[in-house]
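Trainee: Structure incoming, see below.
Every read-out reported here was derived from the displayed coordinates using simple, explicitly stated rules and does not represent laboratory data. What you see is a predicted model; the values in this text were computed from it and never measured. Reconstructed Cβ throughout: ideal geometry from the backbone, glycine too, with neighbour counts over all protein chains shown.
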Protein chains: 4
Amino acid sequence: MATPLNIGMIGYGFMGRAHSNGYRKVNNFFETKYRPVLKAACARSADKIKGFADTWGYESIETDWRKLIERKDIDAIDVCVPNNLHKEICLAAAAAGKMILCEKPLSMNTEEGEIMCQAVEKAGVANTVWYNYRRVPAVTMAKKLIEEGRLGRIFHYRANFLQDWTISTDLPQGGTALWRLDVDAAGSGVTGDLLAHCIDTAIWLNGGLKDVSAMTETFIKERKHQLTGKVEKVGIDDACAFLCHFNNGSLGLFESTRYARGHKALYTFEINGEKASIKWDLHDLHRLEYFDHKDEGKLRAWRSIHVTDHGGEHPYMDHWWVPGLQIGYEHSFVHHVADFLKSLETNTPCEPTFRTALETQKVCDAVLASAKDGKWTKV
Amino acid sequence: MATPLNIGMIGYGFMGRAHSNGYRKVNNFFETKYRPVLKAACARSADKIKGFADTWGYESIETDWRKLIERKDIDAIDVCVPNNLHKEICLAAAAAGKMILCEKPLSMNTEEGEIMCQAVEKAGVANTVWYNYRRVPAVTMAKKLIEEGRLGRIFHYRANFLQDWTISTDLPQGGTALWRLDVDAAGSGVTGDLLAHCIDTAIWLNGGLKDVSAMTETFIKERKHQLTGKVEKVGIDDACAFLCHFNNGSLGLFESTRYARGHKALYTFEINGEKASIKWDLHDLHRLEYFDHKDEGKLRAWRSIHVTDHGGEHPYMDHWWVPGLQIGYEHSFVHHVADFLKSLETNTPCEPTFRTALETQKVCDAVLASAKDGKWTKV
Amino acid sequence: MATPLNIGMIGYGFMGRAHSNGYRKVNNFFETKYRPVLKAACARSADKIKGFADTWGYESIETDWRKLIERKDIDAIDVCVPNNLHKEICLAAAAAGKMILCEKPLSMNTEEGEIMCQAVEKAGVANTVWYNYRRVPAVTMAKKLIEEGRLGRIFHYRANFLQDWTISTDLPQGGTALWRLDVDAAGSGVTGDLLAHCIDTAIWLNGGLKDVSAMTETFIKERKHQLTGKVEKVGIDDACAFLCHFNNGSLGLFESTRYARGHKALYTFEINGEKASIKWDLHDLHRLEYFDHKDEGKLRAWRSIHVTDHGGEHPYMDHWWVPGLQIGYEHSFVHHVADFLKSLETNTPCEPTFRTALETQKVCDAVLASAKDGKWTKV
Amino acid sequence: MATPLNIGMIGYGFMGRAHSNGYRKVNNFFETKYRPVLKAACARSADKIKGFADTWGYESIETDWRKLIERKDIDAIDVCVPNNLHKEICLAAAAAGKMILCEKPLSMNTEEGEIMCQAVEKAGVANTVWYNYRRVPAVTMAKKLIEEGRLGRIFHYRANFLQDWTISTDLPQGGTALWRLDVDAAGSGVTGDLLAHCIDTAIWLNGGLKDVSAMTETFIKERKHQLTGKVEKVGIDDACAFLCHFNNGSLGLFESTRYARGHKALYTFEINGEKASIKWDLHDLHRLEYFDHKDEGKLRAWRSIHVTDHGGEHPYMDHWWVPGLQIGYEHSFVHHVADFLKSLETNTPCEPTFRTALETQKVCDAVLASAKDGKWTKV
């Protein structure tokens, strides 16, 4: 018998939509004991949250997140607000015994994140952070190939996340829509927003980082504030790149920017192992590139695997359509919900937990410190 | 104010799922006056349709499609059954004054199709056929580019739909899952199943066909029947290719097969015009390839357009996520539902209507006749 | 010890350059007993052939090909003139006991070609036709993979050769530079010029053709003559497409045109076998695409083989640079020369011989006849 | 009238072949006043240099490079020996008043290089360093696009050079064939061998570097010496990556390795400007990827320019075949020779001169120093 899992959503932006879509779709494609119910959506603006709730079918609304957390009919809190609000909400939710699904990055910094980890661990509540790219089927398959030992000793890991949406000097900063450009709301620029994704995947696939040497740049030094119209100094990093050593002895190269003309959301990674290599990119997320040295000599080549097959071999794909027909970005969230629900059933953590996601926070902190000091910095 | 549109679904297979997903999702992403309500699902097997209804949230079930059609609380009938049942159901639905959304191909042949067209026209009911690929954003954009006159005089149109799932001689034919291999249920093999898609798109983009010269082949002559286990002659065409002249003077080449090792659902088309050319393929459906001769000489090249931008320029994409993040196969059905709902609002036909889809049927008939006779055949 | 092989070249155009480059380079990269010496070049215009001879290092010139053929110091005649002159020159050269390397297509038609075959066979002179694409390493490797039985039973063969250089109505026809547009000099349009390449490769890789159904089109009906300025009817086929059955039971699709905007010299072919498939295209000629069904399920994919490796496995590549560094178009001619020289050493035919190339002529004739009659035509 | 330019080649390895091919071919494709004559080839082993001279048509041989330099009939010395011999030979050649074409990298380090620059400048002899990738047509076109101001302010430059040929622990180091693995002969590992190419192109396209933060790694610590069989410490860097700031304010990322499984000679670079971006990779060297923001919104996309067109717009390509037909790796050397000959005619430097190439040496030194110290290092 299905057990309802009542969701309380805080926020209604891009991620609010992506998560809601995940909750709504999951049981059309996955059989789970726990079944999400869109119980309540919450935001300060009653108008806006009303519209959001209507669109997605939330049964009720709240305008004060503290009230939402207090409600007895809410099982899980979904945190989709700017980064500077994560800590307070998560601490309150944990204290109220609610499960928490928190948007990434976990926190503004390691210190905050550690407090949040302790809170959920003390409360013993299920918790996860929405690093959704782990659950793109091609990325999940990369993980499997590595776990099966196909790559052998790893020599290199490189990843980047390239966008081009902030090149115009006319773009304002701050406000609801553009909080990602406001250092007070976001904590950092591309480091927390984009590199955090690259780092989470990297740690998952290749283990922890030892030390980093980073540089950041703010190409446009001043921008108007979206609300006040006042020209203010830009506090975020527009671009960030770093070298690193992984604990397993491999070398890493990471780069992120919002000034790479021609790239919209080009998250790519590549891993070079002794025996095989893997590449992936988000712009064609349904493909995994794979090179295996043990292939017969004259046929040795990069394969472009169209990760859409059935038969249990391509992760998650048995739940969707037929071979050859691709799914997209949104499905990574559906998979995350499916795995979260299954984790409740099996009483196991849904990775990445707060504790796991804290590792990414530590790397981000080391990266920002290294960029500031101009020194190699231990993670 | 939203007006409910009560859907009665007949069938629960691959297409039953794809359409249901379309109805369920549409209003999370599109604002429409009419809003689909999953009122009833119908199939002969009570068990199976019960499971399907539970998964998708249909409010009720029926095991006799005639009863479904008689129900006063049903506004629209969705026909997701094998081709040989389309006519009878559609005639009954039209007679009952129901709107009809019929899976492609429209009918077993032109004769049947003509009767069906007359039925819906006489009844004056809204009708459409699910040639979903028209509403993949990249394909819709191809249509726009052509309408804007960017290609100029058209010289060539080529399309193919390549699969490889029937190569094994062990694969049985017939039964519920494999009715597409049973000529009595399907009417034809790849011609009606796959080429029909290519033809519908071609007529939409490039106008009508004048004449065809075709060949078909059945590579594996006998197969076991899935239900009876009896070895029987294979009646369908495993592969079909044809040459044609379009009314606009351009030359066409079409090919379809289920014996193209390495291709799962590779629907591709290319149009060569005097001024520009366009290419598309279903395996990377979010991209449109475009070559424009008026580009500056040294920079003249094929562009790989990632059709994911916002701002009103990439069809349908404003409704989804952010630039760079791709949608997939299922979204073409969501778009079809959205357009159908809007057509009700504006009281205009939702293309392709039965009448429009009949043109594809005529081409299929000419193709099969030409393949049989070995002669150029008028459409 | 090296033995000189004195070459007498007739012609100085595109192919004259390509062949001369082959003769000049071959022994920098290949060790052969016979070594080409650029003995004499011949054309009606003394000025032009003098310049050509200087550029390429021919030791002498002639302005009458009959004199060239009579010269005792010439071992082999290379025929690089318009198609309508092939027969006469080859018959004379054979009568004089010269080896002949004839540019493709062999002849204006089958009848002429048969006479030419008999002439070289009677004379017992070494002969070959420059279907150079056989010796692009990726194409040669395709042949090897097929011979090794990797593809199994063949179901489909498709090829096209797409260009876009005659779209402008201002382009004149005829004259030295544009003889390919003059039906009297060329015999046909794209059929003999481009499809002949596709057909030669197809026969080599997939065996003979049984019958064809073709269509041709002349999009621009009249053009000025380059020399006279007079507007005349265009006699060539601008585009040609045909369906066919191969003797091995597989289905074929061929298309060629000079009106495919965006394609300069896009010769592509694809073969679908029961066990594996192969694709190639001339625009990236150093790559071979390969799909092998026996690959492990989840890793089954198209491989893009970069055919540049050493170690004896990638045909011809041991003779060039280092792995990863590509060669280009011209090298196919170098390989043809190398193989011709080696065939002299081993006293074996250098394929395609005149007799082999005649098969392509027969298919071209059947294609043109079918296009004229609108009927399936036996080869 | 043509003036002979007598070449004295020192070395007979990979580069000796590539340069010789350049000299031999250049005047078949380029008209120049000065015309290379392969006068003499030199190496310690008389047998080996005799074979080489025969293959390439050198008129004579020498076994002592000092004698070669003394010869009156030699105009230009080509230096194709291990890096540790560059300085001595170049100083002697300059003193003898010979022109010098020196294989890259210029020298073992900046100090040596400075001495070499002063020597050629004092002697007033023509000099150039074979950074051949500048003259791949697609790369030359990238330079033109930048010079035309199409990219605007530059934000990012990234390049890598990835190989995989030293992964096996069984590979020996040292000796004639493997001197690149011997730190005494090569000076460094991938830094001088591969990154030097990336750096030369980067300086050419994007200007000088200000400072670097680098890391190097030697994955396999000991290898047998090829000649002695003795296991010795590996002194070279197997991999090297660095961050940098360019003088123009853009950020740079460079990486090179011989441990990237699946890549043979994958040199790639990408430049992101305010207005446009460019990408190139050596594995498909005849293509340039280009994105221009000023393209119409819905058609904005990466273009894959097939750099094979005639008409004066694609650099160097007018000299080769016809549009669509690609050239390869070796042609970059032919172009370098052509430009060197033209520079003699116009009495201008042939870039990169020794002085220009010294800039790359300075960056390499800074990179190796930074990797050693773990600090940001000024160039």
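Trainee: So in chain C, what percent of DSSP beta bridges are antiparallel if you round to the nearest 5?
Mentor: 60 percent
Trainee: Just want to confirm a number: the relative contact order over segment C:8-66, from Cα pairs under 8 angstrom separated by 6+ residues, in percent.
Mentor: Relative contact order here is 36 percent.
Trainee: To continue, here is another question. Would you mind calculating the relative contact order of chain B from Cα pairs under 8 angstrom and at least 6 residues apart, reporting the percent as a whole number?
Mentor: Relative contact order for chain B comes out at 20 percent.
Trainee: On average, how many beta carbons from a partner chain sit within 10 Å of the beta carbon of a residue in C:262-268?
Mentor: 6
Trainee: Still on this structure, please answer the following. Under a Cβ-Cβ cut-off of 15 Å, what is the net charge of the residues other than C:W56 that fall near it, where Lys and Arg count +1 and Asp and Glu count -1?
Mentor: +3
Trainee: Just to be sure I understand: if I project the alpha-carbon convex hull of the protein assembly as shown onto a plane and average over all orientations, what area do I get in nm²?
Mentor: The Cα convex hull of the protein assembly as shown, projected and averaged over all directions, gives 55.7 nm².
Trainee: Sticking with this structure for a sec: Aspartates and glutamates within cross-link reach of C:K67: Cα-Cα under 17 Å, excluding same-chain residues under 8 positions apart?
Mentor: Of all the aspartates and glutamates, those that pass the test against C:K67 - Cα under 17 Å, at least 8 places apart if same chain - are C:E59, C:D75, C:D78, C:E88.
Trainee: Could you give each residue of segment D:103-119 its phi-based ³J(HN,Hα) in whole Hz, using Karplus coefficients 6.51, -1.76, 1.60 with θ = phi - 60°, and x for Gly or Pro?
Mentor: 4, 7, x, 3, 8, 6, 6, 5, 4, 4, x, 4, 4, 5, 4, 4, 5
Trainee: Compute the label-point distances linking B:N248 to its equivalents in the other copies; points lie 7 Å from Cα along Cα→Cβ; give nm, one decimal, shortest first.
Mentor: 3.8, 4.3, 5.3
Trainee: How far, in whole Å, is the closest Cβ of chain A from the axis that maps A onto C, and which residue does it belong to?
Mentor: A:R303, 2
Trainee: Turning to a different aspect of this structure: Can you check what the net charge comes to around D:E255, using other residues whose Cβ is under 10 Å from the Cβ of D:E255 (Lys, Arg +1; Asp, Glu -1)?
Mentor: Numbers: positive: A:R158, D:R158; negative: none.
Summing Lys and Arg as +1 and Asp and Glu as -1 gives +2.
Trainee: For segment B:98-234, take N as its residue count and report Rg(C-alpha) divided by 2.2 N^0.38 Å. Could you put the intermediate results ahead of the total?
Mentor: Details: Rg = 18.2 Å, N = 137, 2.2 N^0.38 = 14.3 Å.
So segment B:98-234 has a normalised radius of gyration of 1.27.
Trainee: How far is B:E121 from the same spot in each other copy, in nm, shortest first, if each label point sits 7 Å from Cα toward Cβ?
Mentor: 6.3, 7.4, 8.8
Trainee: Rounded to the nearest 5, what % of DSSP beta bridges with both residues in segment D:3-132 are antiparallel?
Mentor: Of all bridge pairs located within segment D:3-132, approximately 0 percent are antiparallel.
Trainee: Please report the Cα spread of chain A along all three principal axes, rounded to whole Å, starting with the longest.
Mentor: Projected onto the principal axes, the Cα atoms of chain A cover 64, 56, 38 Å.
Trainee: If you don't mind, another one. Under the √(5λ) rule applied to the eigenvalues of the Cα gyration tensor, what semi-axes describe the equivalent ellipsoid of segment D:272-336? Give them in Å, descending.
Mentor: Semi-axes, largest first: 25, 13, 10 Å.
Trainee: Oh, and also: Just how large is the dipole of segment D:1-149 about the Cα centre, in debye to the nearest 20, putting +1 at every Lys and Arg Cβ and -1 at every Asp and Glu Cβ?
Mentor: Here segment D:1-149 has a charge dipole of around 360 debye.
Trainee: Same structure again: Across the residues of C:292-300, average count of Cβ atoms on other protein chains within 10 Å? Write down the numbers at each step before the final one.
Mentor: Details: counts 6, 4, 0, 5, 2, 5, 14, 11, 6.
Partner Cβ neighbours, averaged per residue: 6.
Trainee: Another question, if that's okay. Whole-Hz ³J(HN,Hα) for each residue in segment B:64-75, computed from phi via Karplus 6.51 cos²θ - 1.76 cosθ + 1.60 with θ = phi - 60°, x for glycine and proline: what do you get?
Mentor: Going residue by residue, I get 10, 5, 5, 5, 4, 5, 6, 5, 6, 8, 9, 9 Hz, with x marking Gly and Pro.
Trainee: When only C-alpha pairs under 8 Å and at least 6 residues apart count, what is the relative contact order of segment A:3-132, in percent?
Mentor: Values: 233 pairs, mean separation 30.0, N = 130.
The value is 23 percent.
Trainee: Report, by chain and number, residues whose modeled amide H sits under 5 Å from the one on C:D211, excluding near sequence neighbours (fewer than 5 apart, same chain).
Mentor: Distant-sequence amide H within range of C:D211: C:H245, C:V379.
Trainee: Right, next: Search the structure for amide H atoms under 5 Å from the amide H of C:V37, placed 1.01 Å from N in the peptide plane, and list their residues when 5 or more places away or on another chain.
Mentor: C:L5, C:N6, C:I7
Trainee: How big is the shadow of the Cα convex hull of segment A:215-318, averaged over all directions, in nm²?
Mentor: Averaging across all directions leaves 11.2 nm² for the Cα convex hull.
Trainee: Set the bar at 32 Å for Cα to Cα. Now go through A:K372/D:K221; A:K143/B:K39; B:K275/B:K378 and name every pair that lies beyond it.
Mentor: Where the Cα-Cα span goes over 32 Å, the pairs concerned are A:K372/D:K221; A:K143/B:K39.
Trainee: Amide H of C:H225 versus every other amide H placed in the peptide plane: which residues, excluding those fewer than 5 positions away on the same chain, fall under 5 Å?
Mentor: The answer is C:Q173, C:K230, C:V231, C:E232.
Trainee: Using Cα positions and a limit of under 12 Å, work out the aspartates and glutamates in reach of A:K25, with same-chain residues fewer than 8 apart set aside.
Mentor: In chain and number order, the partners are A:E330.
Trainee: Taking the convex hull of the Cα atoms, report for segment C:80-143 its projected area averaged over all directions, in nm².
Mentor: About 4.7 nm², averaged over all directions.
Trainee: Okay, moving on. Can you give the Rg to Rh ratio for segment B:12-87, taking only C-alpha atoms and Rh from Kirkwood?
Mentor: Here Rg/Rh amounts to 0.96.
Trainee: Quick one: grab Rg to one decimal and Dmax as a whole number for segment C:279-379, Cα atoms only, in Å.
Mentor: For segment C:279-379, the Cα-based Rg and Dmax read 19.1, 52 Å.
Trainee: If you bin the C-alpha pair distances of segment D:3-132 every 10 Å from 0, what whole percents do you get?
Mentor: Per 10 Å bin, starting at zero, the Cα-Cα P(r) for segment D:3-132 comes out as 13, 47, 33, 6 percent.
Trainee: Within 10 Å, count the other beta carbons around each residue, average over each peptide in B:244-256, C:365-377, and list them highest first.
Mentor: Answer by packing, highest mean first, reads B:244-256, C:365-377.
Trainee: So, one more: Give the nm distances, rounded to one decimal, from D:E345 to the matching residue in every other copy, measuring between label points 7 Å along Cα toward the beta carbon; shortest first.
Mentor: Sorted ascending, the copy-to-copy spacings read 3.9, 6.9, 7.7 nm.
Trainee: Continuing with the same structure: Quick one: Karplus J couplings for segment A:271-286, per residue in order, coefficients 6.51, -1.76, 1.60, θ = phi - 60°, nearest Hz, x for Gly and Pro?
Mentor: Here the 3J(HN,Hα) series is 10, 10, x, 4, 9, 7, 10, 9, 9, 8, 9, 5, 5, 9, 5, 8 Hz.
Trainee: Please compute the average number of Cβ atoms from other chains found within 10 Å of each residue's Cβ in peptide B:54-61.
Mentor: Per residue, the average neighbour count from other chains is 1.
Trainee: Only helical DSSP H runs with n ≥ 4 go in: add -39500 (n - 2.57) per run for chain A, normalise by residue count and round the 222 nm mean residue ellipticity to 500 deg cm²/dmol.
Mentor: About -9500 deg cm²/dmol.
Trainee: Quick check: convex hull over the Cα atoms of segment A:142-202, volume per residue in Å³, rounded to an integer?
Mentor: 112 Å³
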